[in-house]
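Note sheet for the following structure.
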Amino acid sequence: MKKLIIILALTLGLSSISFAQTSSPSKGFSLGKWTEIQSAILKELNRSYVDSLPVDRIERKGIDAMLENLDPYTVYIPEEENDDLQMMIAKTYGGIGAVIYKPDVDGNVIINEPYKNCPADKYGLHCGDEIMAIDGESVHGLTSQESSDKMKGKPGTSVVFTIKRVRTGKVEDVTIVRERIHLPDVEYAGMLDKTTGYIYQTGFTEDVSVAIREAYFKLKKQGMEKLVLDLRGNGGGLMQEAIKIVSLFVPKGSLALTVKGNSNDQEQKYYTTSEPIDTTIPIIVMVDGGSASASEIVTGALQDLDRATVMGKRTYGKGLVQSIRPLPYNGQLKITTAKYYTPSGRCVQAIDYAKRNEDGSVAHIPDSLTHEFKTANGRIVRDGGGITPDHDIKLTDYSRLTYAVVAYGLPEQFALEYVRAHESIPAVEDFHMTDADYKDFIEFAKKKDFDYRSDAKAIFDQMKKRIKEEGLEETTKDELAALEKALDMDKEKYLTLKKDEIIPLIEEEIVVRYYFQEAGIQLRLRYDDQLKEALTKPLISF
């Protein structure tokens with residue numbers, strides 16, 4: 001009898017499950033129901049709400065709130081933000097080509113850095129020049145973004161700046177013709193030594209693969225026998241450009257990438273379709289936690305095909321593919337349509353946005369849930385959390401003070417002061433800040449209000465606050481006073497102590513003001529201990 005009851009219960013349970021499954025609303029029905037309800041709510045609000053209805057504002061907030069429940073890369077782009085989309089995809093905009101700085105809303109716009117061979121540079125604007133008016137309208141009262149928007153415009157159109165010159169103080173009008181500004185993804189290509197070429201790539205916009213090809217041949221003519229492709233901090237971009245870069249260094253017809261959508265029939269394999277330029281040159285790919293998306297496609301493919309030795313730190317772990325879909329009224333939807341997989345079958349996506357905690361947060365995939373895969377020559381690699389380097393090389397450790405100095409923009413601000421006082425500097429390879437220069441920086445920084453506490457002092461302050469909250473202040477006051485005295489350090493003394501950390505950051509900002517962005521990268525290489533260590537590591541034999 002008991003057995004019969006159990007069987008009956010199981011049968012009824014299965015029946016009810018089956019009934020629930022067959023009677024659940026379809027995906028199409030649920031979507032239609034939601035759309036109808038939303039439309040009805042908007043119509044009723046428009047008809048009955050006590051105040052005038054801010055339709056545009058609530059519409060945008062509703063769309064953004066809906067998409068926030070998916071992943072951070074699926075976003076709505078209205079018509080007025082299409083220029084931002086083009087900047088993201090192609091790094092292009094109409095303007096004069098300059099970085100500006102506006103320390104005071106009621107002050108002038110300062111030319112912080114003109115781009116090489118762009119209109120600002122061609123028409124003679126220099127770092128430190130101040131823009132007082134744009135097309136006759138004073139910039140006083142404008143924010144930095146509002147000023148930037150006025151400087152941008154359709155290529156071929158003119159804009160008139162009232163300029164106060166940094167050297168002479170002379171005020172004059174300068175008419176500049178805007179151009180289509182393209183920010184290069186290959187910011188530097190040069191030789192590290194007689195046989196080692198180096199390419200620093202910062203993005204994956206259209207035709208970056210062409211730039212990589214050109215840089216390769218340039219370096220080859222200079223004697224390159226080994227190539228370093230630096231993708232550290234490269235947040236990615238166009239998938240097709242990543243595949244084209246892989247194709248430069250592997251045989252034609254090699255599998256570079258597999259893309260899988262939300263159903264089995266949405267799988268597509270991408271093979272290299274062009275003849276390579278070099279399938280034998282040793283390659284080092286440098287990566288870190290900022291290397292994402294297309295950077296991981298290139299890194300993963302070259303690693304899986306046993307074509308490069310990957311060095312640095314584990315990459316970000318973004319294995320999601322986005323597509324742009326047109327919407328009514330010239331809007332766009334950037335939507336995640338698939339996940340990508342490296343040639344060995346790895347998905348590098350580190351976060352599962354479909355599974356959220358009760359508080360709405362998402363978590364990284366734990367190492368225990370990752371799987372082993374094999375490269376073309378049988379080396380073991382793993383999925384689930386970015387690309388793990390073949391040689392893990394630690395990053396430079398910076399103090400809390402140095403992070404604060406950077407966060408408050410002190411090197412950039414001091415560089416402007418330096419430019420005002422120095423008409424020229426030596427060539428990049430010969431430029432070094434003197435002790436007197438650094439003393440000037442300390443005096444400059446002492447006047448600035450920023451959090452210069454050490455890590456230990458910041459932790460102590462938190463502990464002291466907690467002790468007070470728990471009523472233990474009186475019983476520990478002598479010990480706390482002694483420890484606080486030991487940890488206290490005045491600004492000048494602490495800046496002097498961390499001189500070796502801070503000087504490279506200031507030097508980089510200074511050389512950029514005289515010799516453009518390329519010089520900054522050259523200067524940075526002087527102090528790049530991670531790269532220097534990478535060059536001592538053995539390369540994987542292929």
TODO: For residues that are assigned to a loop (DSSP other than H, G, I, E, B) and buried (at least 21 other Cβ atoms within 10 Å of the Cβ), scanning just region 225-237, find the one that is nearest to the chain's Cα centre (by Cα).
DONE: 234
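Go through 378, 385 for me and flag whichever is among the small types (Gly, Ala, Ser) and either in contact with a Pro (Cβ under 8 Å, 6 or more places away or on another chain) or without any contact (Cβ under 8 Å) to a residue 60 or more places away in the chain (or both). Break it down into steps so the answer makes sense when it comes.
Working: 385 fails: either in contact with a Pro (Cβ under 8 Å, 6 or more places away or on another chain) or without any contact (Cβ under 8 Å) to a residue 60 or more places away in the chain (or both).
Within the list 378, 385, the selection yields 378.
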TODO: Quickly run through region 77-109 and pick out the residues that are farther than 28 Å from residue 121 by Cβ and open to solvent by less than 50 Å² (accessible area, probe 1.4 Å).
DONE: 77, 78
Task: Extreme residue, most open to solvent (accessible area, probe 1.4 Å), among residues of region 380-393 that are charged (D, E, K, R) and modelled with pLDDT under 95 - done: 382
Open item on the list: Suppose we keep only residues that are in a loop (DSSP other than H, G, I, E, B) and surrounded by 13 or more Cβ atoms within 10 Å (Cβ to Cβ) within region 489-518. Which one would you say is modelled with the highest pLDDT?
Closed with: 498
TODO: Return yes or no: is residue 344 at pLDDT below 95 and open to solvent by 10 Å² or more (accessible area, probe 1.4 Å)?
DONE: no
- [ ] Looking at (1) over 27 Å from the mean Cα position of the chain (by Cα); (2) surrounded by fewer than 18 Cβ atoms within 10 Å (Cβ to Cβ), find the lone condition where residue 533 falls short.
- [x] (1)
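In region 167-188, which residue that is part of a loop (DSSP other than H, G, I, E, B) and within 26 Å of residue 522 (Cα to Cα) is most open to solvent (accessible area, probe 1.4 Å)? Spell out the reasoning first.
As a first pass, look at region 167-188 and keep what is part of a loop (DSSP other than H, G, I, E, B): 167-170, 178, 183-185.
Then keep just the ones that are within 26 Å of residue 522 (Cα to Cα); that gives 183-185.
Values: 183: 38, 184: 70, 185: 7 Å².
Only one residue tops the list, namely 184.
Of 106, 84, which residue is closer than 30 Å to residue 412 by Cα, acidic (Asp, Glu) and modelled with pLDDT of 90 or more? Reasoning before the result, please.
Details: 84 fails: modelled with pLDDT of 90 or more.
Every option except 106 fails the conditions.
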Open item on the list: For region 273-325: of the residues being open to solvent by 40 Å² or more (accessible area, probe 1.4 Å), in a loop (DSSP other than H, G, I, E, B) and polar (S, T, N, Q), which is farthest from residue 224 (Cα to Cα)?
Closed with: 273
Open item on the list: Tell me the residue from 467, 425 that is at negative phi, at pLDDT 95 or above and surrounded by 13 or more Cβ atoms within 10 Å (Cβ to Cβ), please.
Closed with: 425
Task: Residue list for region 89-130, restricted to those being more than 23 Å from the chain's Cα centre (by Cα), acidic (Asp, Glu) and not in a loop (DSSP other than H, G, I, E, B) - done: 121, 130
TODO: Would you please list the contacts, defined by Cβ atoms under 8 Å and residues six or more apart or on different chains, that run from a residue in region 116-133 that is touching a residue at least 12 places away in the same chain (Cβ under 8 Å) and open to solvent by less than 10 Å² (accessible area, probe 1.4 Å) to a residue that is part of a helix (DSSP H, G or I) and of a type in the set (S, T, N, Q)?
DONE: 131/147
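The values are calculated or read from the model by the stated rules, or taken from the named source; none is laboratory data. The structure displayed is predicted, hence computed values, not measured ones. Cβ sites come from the backbone with ideal geometry, for glycine too, and all protein chains shown count toward neighbours. For accessibility, only protein heavy atoms count, side chains too; no ligands or nucleic acids. Shrake-Rupley method; radii C 1.70, N 1.55, O 1.52, S 1.80 Å.
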